[in-house]
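Undergrad: Would you mind keeping the following structure in view while I ask a few things?
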Amino acid sequence: MRALERAKSKVAAVFASEELSTAEKVREIERIYKRIRAKNKKPKKVYVVAGRVKGKIPKGARLKFVDRRMKKDKRAELARQRKRKRRSGKR
């Protein structure tokens, strides 16, 4: 929340500046919010193909141990969703 507050104050300062053109102000504001979004992005889970888990997984780690079959099933499910999405737009 504090980062968002800081971003709002920076945006207000950009709006107040008279030396920048309108297009430059828009670009600067987009850059400010882009940085905020990049910082708040959570890393995605990493799927590790392994038959058995060797050792301990650290708590809070973004790892999921899967076998080959699970990975193929996940890929097929995403492909079905994309296909369904493309098909629904044509009707």
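Please treat every number below as a calculation from the coordinates, not as lab data. Keep in mind that this is a model prediction, so the values were computed, not measured. Because the Cβ atoms are built from the backbone with ideal geometry, glycine has one as well, and the counts that use them run over all protein chains shown.
Undergrad: For the chain, the longest stretch holding no GluC sites (Glu not before Pro) located in a DSSP loop with at most 15 other Cβ atoms within 10 Å is which?
TA: For GluC sites (Glu not before Pro) (loop position, at most 15 other Cβ atoms within 10 Å), the longest site-free span of the chain is 20-91.
Undergrad: Another one. Just list whichever of 10/85; 42/85; 10/83 have alpha carbons separated by over 31 Å in the model shown.
TA: The pairs that break the limit, which is 31 Å between Cα atoms, are 10/85; 10/83.
Undergrad: Over 20 Å between Cα atoms: which of 8/39; 8/34; 44/71; 41/72 fall into that group?
TA: Flagged as over cut-off: 41/72.
Undergrad: Considering the values (i) 15.5; (ii) 18.0; (iii) 13.4, which represents Kirkwood radius over Cα pairs in Å as calculated for the structure under consideration?
TA: (ii)
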